[in-house]
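Visitor: Dumping the structure here so I can ask a few things about it.
The values are calculated or read from the model by the stated rules, or taken from the named source; none is laboratory data. Keep in mind that what you see is a predicted model, and the values were worked out from it rather than measured. All Cβ positions, even for glycine, are placed from backbone atoms using ideal geometry, and neighbour counts span all protein chains on display.
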Amino acid sequence: MTELNGTVGAPFEPVRHAVLQQLRSGAEVGLSLLVDLDGEKVVDLWGGHRDTARTRPWRRDTITNVWSITKTVTSLAALLLVDAGELDVHAPVARYWPEFAANGKQDVEVRHLLSHTSGVSGLDHPARLEDLYDVREAAARMASQAPWWRPGSAAGYHVLNYGHLVGELVHRLTGLSLRDFVRRHIAEPLGADFRIGVEEADLERVADIIPPALDFDPSLLDHDTVAYKTFTGPGFRASAANSPAWRAADLGAANGHGNALSVADILATISREGATAHGRLLRPDTVKLIFDEQFRGSDLVNGLHLRWGIGYALPDRRTLPWIPDGRVVFWGGWGGSMAIMDLDRRMTISYVMNSMGPDILGSPRAAAYVTAVYKALAIDTPS
């Protein structure tokens, strides 16, 4: 029998039942789920297996690639620099990175990078996944490109290069790589078992990603679209996340490794308006910046109807009706993982798994867990 470990507070017992149902049906292979309610871990579950054959159990300290949940941590890194007065979201990127002004990008602002509206959502062709592993060189190529749409006029999801763009700002301002900045200024101070990439010493406890049954094929897209340029600049498959090269890279868009506990330990900083158990990380006014809506509409790359604040998505019932309105921000990882920061309730929901669904954002599993959490708080979310 598939084992589910951990604890839930009495009102949240239906959350445990929801997870068990997905494990027993085979929809889940391995996962962790955590709900932090103003510092109290009212749901802390992990279980299943780390492998497709279901021979290696998912343990308390199991970590896995969390795909685009990595972007939420990268955004937090930028907010730390904003909070310190070193980065202005309304300043031109070129103030900190002069080369970025090339080819008509002199007016692109920092907020455009953080809201996926910069016009630079990938590498011009030719592009290979290996090109992204040389972070400084890839960033230099992005700086030299012309934008693929008028910056600020639309959003085009920065699938794999978000960390290169934001990370270059971090590097210019601090001299640190994004990976080292996150480790020194976020993960270590908060005691969070999270890292961009993965160290060799941790490989033994990494759960392999199990790709969806049908991998996305960008060749089917209209070749004249921003979506095609992005998904082929460079192209990639989900199985790449299990490769040594991917795991060794500094990809602040997509190769963060952690579990639900570590993701929540970091992102609860936002839910609690900058406060943490280890002292204040951000001022409330800095967190408030996130809610400055930068875009509302259909994304040019992933096709979803989205609302982007600064660094995080804002609730949009057209896309994810199970996320409530209010002072809530979120984002998820390819295949179904999810991170929700609810400031009104000082609550953080973090869900990380290894068996990917076909979903770009969210999944039926994530919806079931999140709905159960809000019902436990006597807050209905629309079905």
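Visitor: Does any residue of the stretch 79-87 turn out to be out of contact with any Leu (no Cβ under 9 Å at 6 or more places or on another chain), buried (at least 22 other Cβ atoms within 10 Å of the Cβ) and not in a helix (DSSP H, G or I)?
Guide: Looking through the stretch 79-87, none of the residues is out of contact with any Leu (no Cβ under 9 Å at 6 or more places or on another chain), buried (at least 22 other Cβ atoms within 10 Å of the Cβ) and not in a helix (DSSP H, G or I).
Visitor: A further question follows. For the stretch 274-292, enumerate the residues that are part of a helix (DSSP H, G or I) and either among the polar types (S, T, N, Q) or touching a residue at least 24 places away in the same chain (Cβ under 8 Å) (or both). Don't jump to the end; show me each part of the working.
Guide: So in the stretch 274-292, the residues part of a helix (DSSP H, G or I) come out as 284-291.
Answer for the stretch 274-292, where residues must be part of a helix (DSSP H, G or I) and either among the polar types (S, T, N, Q) or touching a residue at least 24 places away in the same chain (Cβ under 8 Å) (or both): THR286, VAL287, LEU289, ILE290, PHE291.
Visitor: Which residue pairs have Cβ atoms under 7 Å apart, sit 6 or more places apart or on different chains, and have a first residue in the stretch 203-224 that is modelled with pLDDT under 90 and a second that is part of a loop (DSSP other than H, G, I, E, B)?
Guide: As it stands, the answer is LEU214/PRO358; ASP215/ARG237; PRO218/THR232; PRO218/GLY235, since those pairs meet every condition given.
Visitor: Among the candidates VAL66, VAL108, VAL135, single out the residue that is crowded, with 24+ Cβ neighbours inside 10 Å, in contact (Cβ under 8 Å) with a residue 40 or more places away in the chain and of a type in the set (Val, Ile, Thr).
Guide: On inspection, the qualifying residue turns out to be VAL66.
Visitor: Would a scan of the stretch 328-345 turn up a residue that is more than 18 Å from the chain's Cα centre (by Cα), modelled with pLDDT of 95 or more and either on the phi > 0 side of the Ramachandran plot or polar (S, T, N, Q) (or both)?
Guide: No, there is no match, as no residue in the stretch 328-345 is more than 18 Å from the chain's Cα centre (by Cα), modelled with pLDDT of 95 or more and either on the phi > 0 side of the Ramachandran plot or polar (S, T, N, Q) (or both).
Visitor: For the stretch 28-40, how many residues meet the condition of being in contact (Cβ under 8 Å) with a residue 40 or more places away in the chain and out of contact with any helix residue (DSSP H, G or I) (no Cβ under 6 Å at 6 or more places or on another chain)?
Guide: Residues that pass the stated criteria total 6.
Visitor: Does VAL43 satisfy being buried (at least 22 other Cβ atoms within 10 Å of the Cβ), within 20 Å of ALA264 (Cα to Cα) and over 20 Å from the mean Cα position of the chain (by Cα)? Give the derivation first.
Guide: Working: buried (at least 22 other Cβ atoms within 10 Å of the Cβ): yes; within 20 Å of ALA264 (Cα to Cα): yes; over 20 Å from the mean Cα position of the chain (by Cα): yes.
So VAL43 passes the test.
Visitor: Also, quick follow-up: Just checking, does the stretch 254-267 include any residue being over 19 Å from TRP331 (Cβ atoms) and not hydrophobic (A, V, I, L, M, F, W, C)?
Guide: No, that holds for no residue.
Visitor: Could you tell me which numbered condition VAL373 fails, if it satisfies all but one of (1) over 20 Å from VAL8 (Cα atoms); (2) in a helix (DSSP H, G or I); (3) not hydroxyl-bearing (Ser, Thr, Tyr)?
Guide: That leaves (1) as the condition not met.
Visitor: Can you pull out every residue in the stretch 190-249 that is basic (Lys, Arg) and in a loop (DSSP other than H, G, I, E, B)?
Guide: Correct list: ARG237 only.
Visitor: OK, next. On the given criteria, is LEU320 among the hydrophobic types (A, V, I, L, M, F, W, C), over 24 Å from LEU81 (Cα atoms) and part of a loop (DSSP other than H, G, I, E, B)?
Guide: Taking the combined requirement at face value, the residue satisfies it.
Visitor: May I ask you to say which residue of ARG346, ARG327, ARG296, ARG318 is under 23 Å from GLY191 (Cβ atoms) and either of a type in the set (D, E, K, R) or surrounded by fewer than 20 Cβ atoms within 10 Å (Cβ to Cβ) (or both)?
Guide: None of the other options fit; the residue is ARG346.
Visitor: With the checklist (1) among the hydroxyl-bearing types (Ser, Thr, Tyr); (2) under 26 Å from ILE63 (Cα atoms); (3) surrounded by fewer than 20 Cβ atoms within 10 Å (Cβ to Cβ) in hand, flag the one item TYR162 doesn't pass.
Guide: The failed condition is (3).
Visitor: Is it true that some residue in the stretch 75-82 is touching a residue at least 12 places away in the same chain (Cβ under 8 Å) and either among the acidic types (Asp, Glu) or within 17 Å of ASN354 (Cβ to Cβ) (or both)?
Guide: no
Visitor: So which of ALA155, ALA143 ends up being buried (at least 20 other Cβ atoms within 10 Å of the Cβ) and part of a loop (DSSP other than H, G, I, E, B)? Quick ask: steps written out before the conclusion?
Guide: Values: ALA143 fails: part of a loop (DSSP other than H, G, I, E, B).
None of the others qualify; the one that does is ALA155.
Visitor: Please find, among GLY119, GLY197, GLY191, the residue that is crowded, with 16+ Cβ neighbours inside 10 Å, of a type outside the set (Phe, Trp, Tyr) and touching a residue at least 60 places away in the same chain (Cβ under 8 Å). If you could, list the steps in order and put the result at the bottom.
Guide: Numbers: GLY119 fails: touching a residue at least 60 places away in the same chain (Cβ under 8 Å); GLY191 fails: crowded, with 16+ Cβ neighbours inside 10 Å.
Selected residue: GLY197, the only one of GLY119, GLY197, GLY191 that is crowded, with 16+ Cβ neighbours inside 10 Å, of a type outside the set (Phe, Trp, Tyr) and touching a residue at least 60 places away in the same chain (Cβ under 8 Å).
Residues are listed down the side, and each one gets a yes or a no for (1) part of a loop (DSSP other than H, G, I, E, B); (2) under 19 Å from ALA207 (Cβ atoms):
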{"residue": "ASN5", "(1), (2)": "no, yes"}
{"residue": "GLN22", "(1), (2)": "no, yes"}
{"residue": "LEU33", "(1), (2)": "no, yes"}
{"residue": "VAL43", "(1), (2)": "no, no"}
{"residue": "THR70", "(1), (2)": "no, yes"}
{"residue": "ALA77", "(1), (2)": "no, no"}
{"residue": "ALA101", "(1), (2)": "no, no"}
{"residue": "ASP107", "(1), (2)": "yes, no"}
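Visitor: Given the conditions (1) surrounded by fewer than 14 Cβ atoms within 10 Å (Cβ to Cβ); (2) charged (D, E, K, R); (3) under 21 Å from the mean Cα position of the chain (by Cα), which single one is not true for LYS71?
Guide: (1)
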